Amino acid sequence: MKQDLTAEDLILFKPGNHPLPKGKHEIRDHDNLKLKYSLLPREIVCTENLTPWKKLLPCKSKNGFAGILEGRKVFDSNYHSLGIHVMILCSDAICAKKELHLIQTLTVVHSYHYTKSKVFNISFFGVKSIQKCPISEHSRIVIDGNVIINNSVKSKQLSLNSLKRNVTLINVESETELSFERTDFESSPYNKGLKIIRRFSGYGQERGKIKTFIKNINPDTNITVLWTEVVPWLARIYFHTLEVSTLQAYIDEYFYTPAKDRERPATIQMKLDLAPESVTEISYDYTKASLKYTEYPPDPNRGFDLNPGIALFEHEIGESLFWNSDQPLWNQRFSKYVTNTLVLILPLPDFSMPFNVITFTSTLVALFFGSLFNIYTREWRVKKKKSLMEKIRDKLFKAKTD
């Protein structure tokens with residue numbers, strides 16, 4: 001892990017900011033733990049990224065959930081996200097026994113127009129059927145909304161009154177060929193929350209400004225947001241220019257760490273209390289760092305990626321869609337928003353200059369050195385003047401040889 005891209009001590013990951021499984025407790029000796037946070041915004045994604053993730057599953061890539069994950073179908077989507085969450089928790093309040101929890105998440109979003117049909121079947125994932133993992137306690141398929149099952153699969157319709165929606169539950173006991181048709185395409189109730197825009201402003205090649213607009217789009221609910229930015233030292237932030245402009249928001253907590261060149265990034269963290277339908281603007285000035293000639297990566301004209309900003313907020317939506325589950329990531333109390341990455345264009349040296357110098361120098365050497373070498377190494381002799389008879393003899397001899 002590169003030190004100059006890694007941050008520590010983030011409010012976002014403090015104890016108490018994330019839900020826990022039912023009956024579990026956090027470990028108390030936090031002083032012995034060290035948190036590292038880093039991002040790779042320019043990481044290249046390919047289908048092989050899915051292989052090590054599937055190998056962590058109980059049945060690996062044979063049966064169960066991984067059996068329907070075909071790399072081409074997963075990555076040929078509007079949005080995809082792979083997650084591995086490892087937690088060390090206590091079984092009781094005194095932490096006499098510790099447990100290791102491993103949670104794997106996969107999110108794939110396809111547009112409705114991608115299928116061009118209201119009928120969905122399991123072949124959409126590139127497989128013919130789904131099988132239960134033999135060593136799992138249960139395998140469930142949860143379908144959001146009202147559906148009509150088109151085959152003999154046993155299903156159960158449930159109504160979540162607090163969410164005002166219906167779901168269909170399917171317990172996979174054997175090899176299942178799933179096919180169903182949705183009868184409603186209502187918008188999801190989870191779209192209430194935040195709207196975040198993060199962008200550059202300013203002009204010139206030396207300095208600029210980064211602005212972030214956070215809007216609480218809920219018409220009647222306050223939202224407490226944990227906002228975190230980790231900015232590489234390539235953009236040198238002037239913290240005295242940091243401004244938070246709003247008419248209906250309060251900063252409950254604020255923390256920042258300045259960057260050190262080639263050692264650590266800068267971090268900006270704040271806890272905001274946003275009023276309904278309020279807009280908060282966060283802005284600060286920066287100057288662009290000058291890199292050494294050897295620090296530029298391949299294709300530097302593309303620019304350098306800045307990590308996205310992260311907003312974590314808690315909300316109440318009532319009954320969880322994933323009922324009877326003690327997994328913290330399925331407890332719909334917290335939502336995390338990740339903004340787009342920014343591309344920072346740094347001042348670049350003329351990388352063609354060495355090539356031009358070498359070419360020009362080589363041309364001069366070839367022209368002058370060759371001529372001088374020929375002059376200094378050639379042996380000069382005085383040519384004797386021939387008589388008339390010798391000239392006639394040479395011409396006759398040359399004619400005979402021809």
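The values are calculated or read from the model by the stated rules, or taken from the named source; none is laboratory data. What you see is a predicted model; the values in this text were computed from it and never measured. Note: ideal-geometry Cβ built from the backbone for every residue, glycine included; neighbour counts use all protein chains shown.
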Hey, SER290 surrounded by fewer than 20 Cβ atoms within 10 Å (Cβ to Cβ), among the hydroxyl-bearing types (Ser, Thr, Tyr) and outside any loop (DSSP other than H, G, I, E, B) or not
no
Looking only at strands (runs of 3 or more DSSP E) that lie completely in region 62-149, which have at least 1 residues being under 22 Å from THR51 (Cβ atoms) and at pLDDT 80 or above?
79-90, 98-109
Among the residues in region 301-319, are any outside any loop (DSSP other than H, G, I, E, B), at pLDDT below 85 and among the acidic types (Asp, Glu)?
yes
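Which residue is farthest from ASP305 (Cα to Cα), if the candidates are limited to region 247-264 and must be surrounded by 18 or more Cβ atoms within 10 Å (Cβ to Cβ) and modelled with pLDDT under 90?
Going residue by residue through region 247-264, those that are surrounded by 18 or more Cβ atoms within 10 Å (Cβ to Cβ) are 249, 259, 264.
Imposing the further condition that a residue be modelled with pLDDT under 90 reduces the set to 249, 264.
Numbers: ALA249: 30, ARG264: 16 Å.
Among those residues, the one meeting the criterion is ALA249.
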Give the residue that is surrounded by the most Cβ atoms within 10 Å (Cβ to Cβ), with candidates limited to residues of region 48-64 that are of a type in the set (S, T, N, Q) and more than 24 Å from GLU137 (Cβ to Cβ).
ASN49
Log entry, pairs with first residue in region 340-357 being loosely packed, with under 11 Cβ neighbours inside 10 Å, second being in a loop (DSSP other than H, G, I, E, B), beta carbons closer than 9 Å, six or more apart or on different chains, reads PRO347/GLN205; PRO347/GLU206; PRO347/SER290; PRO347/LEU291; ASN356/ASP350
VAL45 is checked against (1) in a loop (DSSP other than H, G, I, E, B); (2) surrounded by 11 or more Cβ atoms within 10 Å (Cβ to Cβ); (3) touching a helix residue (DSSP H, G or I) at 6+ places or on another chain (Cβ under 8 Å) and fails just one. What number does that condition carry?
(2)
Quick check on my filter: what residues within region 339-394 are touching a helix residue (DSSP H, G or I) at 6+ places or on another chain (Cβ under 8 Å) and not hydrophobic (A, V, I, L, M, F, W, C)?
PRO349, LYS386
For region 48-61, which positions are part of a helix (DSSP H, G or I) and either of a type in the set (Phe, Trp, Tyr) or more than 23 Å from VAL338 (Cβ to Cβ) (or both)?
GLU48, THR51, TRP53, LYS54, LYS55
